[in-house]
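A short reminder: the numbers here are calculations on the coordinates, not readings from a lab. Predicted, not measured: the structure shown is a model, and the values here were computed from it. Every residue, glycine as well, gets a Cβ built from its backbone with ideal geometry; the counts of neighbours run over all protein chains shown.
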Amino acid sequence: MATKAARSTRLQADLERNREDGNWRKVIELAEQLRNQNISGQDSQLATLLLGEGKLELYLEDHPPLPSNFKTAKAGLNDARNLLNQCVGDHEKKMTVSLDALLLLAKLEYAAGDYGAALSRLNNAGLDKLQEKLLTTRSLKIVAESFAIKGLCLEQTTMNRTSRYKKADRHSKTVRCYELSSDLTMLYLQRQDNITSTPSSTSLPSLSASTNTGGSSSPLPPAGEYPDHNRRMGVILESSLHRAPVLHIKEGNIQHALDRLRLVLSAQECSGSQQVRLTVCTQLAELLLNAVSISSYTGPSMPSVTAATLNLDPKDKVHKSSTGSAVSSSGHHSTGSLSTSASFSEGAWKPKRYQGVNMFVPCTRSEELILLLLISEAMAVRDAVLTQSPEFEQLREKANSSATAIQDMLAVALAPSKHFQILIEVYERSMKFSWGCSHVWRQFGLALCCSRQPLRASIVLREAHRLQPNSAVCCLVAAKLAFQSLGQIDDGIEWVRKAQQALDDPTTTIRNNSSGSDSNGASAALLSHQQLMARCLLYHGIGLVLKAQHETNYSRALVYRKEAMSLLMRAHELDPSDHLCHFYLSEGYASCRQLGEASQHIRTALSLRPDHLHSLLLLLLLLEAQGDAEQALQVCVGVRSEYPTSLQGNARPLQLLLQSHGYRQHLQTGRVLAA
């Protein structure tokens, strides 16, 4: 008898261990052995429960609970349904297996697409009345999934002819279910990490060992995408983690959504939550970028460390039963037992969080936004797939897409403060896995342009053009660099010709016109095509003007200027709202002493762009050439007030002041500029 009892105890321990590890084939095998031992009572009901649970979870591993699998799940889960139904009843309640069976049946009904039956099962189980008691790791996941399923079902089912109060109450219940589920999910991942003894102190662990495959020595990705993460989390828990902030955003409660995302990030990191943290970091950064202004920003609050958060209430004692469920000292039924210290935790169902006086807390929107994006970028680079083997193409594209989206948000966040060197370092790191992405090369080139590194920018843009030869924008940026910074006029004109060829390509025009889903989109694409063509003609004209300035032969320089004026007129016809076309036309007419036409164009340019300094200076010169000294002085005063510290903007006004007001005013303005 003692040997049989010891064997049964050992078998139950193996069952519990395999349940924690998610080894459902082994659970089914051991549950069958337990049933074949001619046991009765509680052990018999336990074997039936575990057998039904194993068949349910094994089926869902191959057929996740998604709408596309609902029809097949109704027939595929009949065996699991029959086994779990045997564990539901008044007699089974006394044996503490009915609650577990009801929660698992709710999951089964949800996997079959029957939301009403799932809600009915959860209500019968008394999910909302469960007290926050310590649970086993497996029970944590069951309860977390139950709250997630209830939230998903409440969100999917509609209420007909209900009052606004009931709708608000239903919304609050849905959000509460999602928030409880996310807290339990993070706690479950932390507990699972402790069980498997996986180090969780390192926030960015290294990739797997290098393996030579297909001639590449880069690290290989896992056989499946984050297999351990998917096995632990599942589709249901992963959905619930992101639904609560989404519902807050739909209701316009941006601050509640921010607080919820920050709360998820404040949970102590573990190996199973690393991919979750990447997604939440990106979501929080996107929300800050799109929905929070600098003036309305409210920073994260730091929770205070008190005795209540460091110690458990001694009254919360749990007696573990042989089924793996638990009964509290007050007699209320819960679904598991737990023996882990709850230090730095706010309750039995709350995950451990980072706390302490030495933690960095962002004070401004820019600090939090850039910090989140840099953390996300570091995690995305860590998860990048370096191998070029064909079997990893899908994983490689998904990882590259995630990293590119983060880099784009980082560019938007860093550009206003002109921290382009950080962007350059980000793109340099990304070259090891996105060297074939034209978008990354183009962004890299633009960052180098803004950082005043024209030579490197020109080389990078040349590579971007090689990867995407139909992009006229790269060619125009390279032409501007050649004209303005490198002094390579012929190269700049060649870049302009490449841009014109890209725009003349019929496939480019068709692609631009098909980018809009309706006639308005097609019209916008056609307008953008015309504006780019106008800019090409403008740059070509500017290049010819520069060639004429450097040409020593007068007749050849005159030919260049005539051709440049013709191109500028064509650019003006395509895009009359471009102030640069009017500016260069005015400059061309002024060089031919046609002051009337020059004045007309420069005034049009200023009406389109009043703050263009070069247009203001050209207007000042034209007024002085026409002998209108009074209006020239008014323009001079305006230039000095708008650009008080610009040497270029004050050089000609100083000469005009010297002629009209004498040397005293000239010296006073010079002292202001020197200071």
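Once the Cα-Cα distance is subtracted from the 0.36 nm per residue extended length, the L467 to K418 segment shows a gain of 14.9 nm. The modelled label-to-label distance between H614 and N123, using points 7 Å beyond Cα along the C-beta direction, is 7.3 nm. Among the listed pairs K432/K498; K166/K352; K55/K141; K150/K350, give every one whose C-alpha distance is greater than 23 Å. Check vs 23 Å cut-off fails for K432/K498; K166/K352.
Separation of the stretch 104-164 from the stretch 596-615 is 68 Å, based on Cα centroids. Placing dummy labels 7 Å off each Cα toward the beta-carbon, the span from K432 to D79 is 4.8 nm.
When only alpha carbons are used to place a centre, the stretch 479-503 and the stretch 574-590 end up 19 Å from one another.
In what sequence, highest mean first, do 549-559, 398-408 appear when ranked by Cβ atoms within 10 angstrom? Please report the intermediate quantities before stating the final value.
Working: 549-559: 11.4, 398-408: 19.0.
Peptide ranking by packing, descending: 398-408, 549-559.
Neighbour counting of Cβ atoms within 10 Å sorts the residues S438, S641, fewest neighbours leading, into S641, S438. For R353, the residues whose amide H sits under 5 Å from its own are Q268, ignoring neighbours fewer than 5 places away on the same chain, with H placed 1.01 Å from N.
The stretch between I459 and S485 holds 8.0 nm of extra length on full extension. This uses 0.36 nm per residue minus the Cα-Cα distance. Looking at the stretch 228-290, the GluC sites (Glu not before Pro) that sit in a DSSP loop and have at most 14 other Cβ atoms within 10 Å of their own Cβ are E251. Taking a point 7 Å out from the Cα of V235 in the direction of its Cβ, the residues of the stretch 179-193 whose backbone N falls within less than 20 Å of it are 181-182, 185.
Can you tell me the length gained on complete extension of the stretch A625 to K26, counting 0.36 nm per residue apart and subtracting the Cα distance? Intermediate values should be presented prior to the final figure.
Values: separation 599, 0.36 × 599 = 215.64 nm, distance 9.48 nm.
That pair, A625 and K26, stretches by 206.2 nm at full extension.
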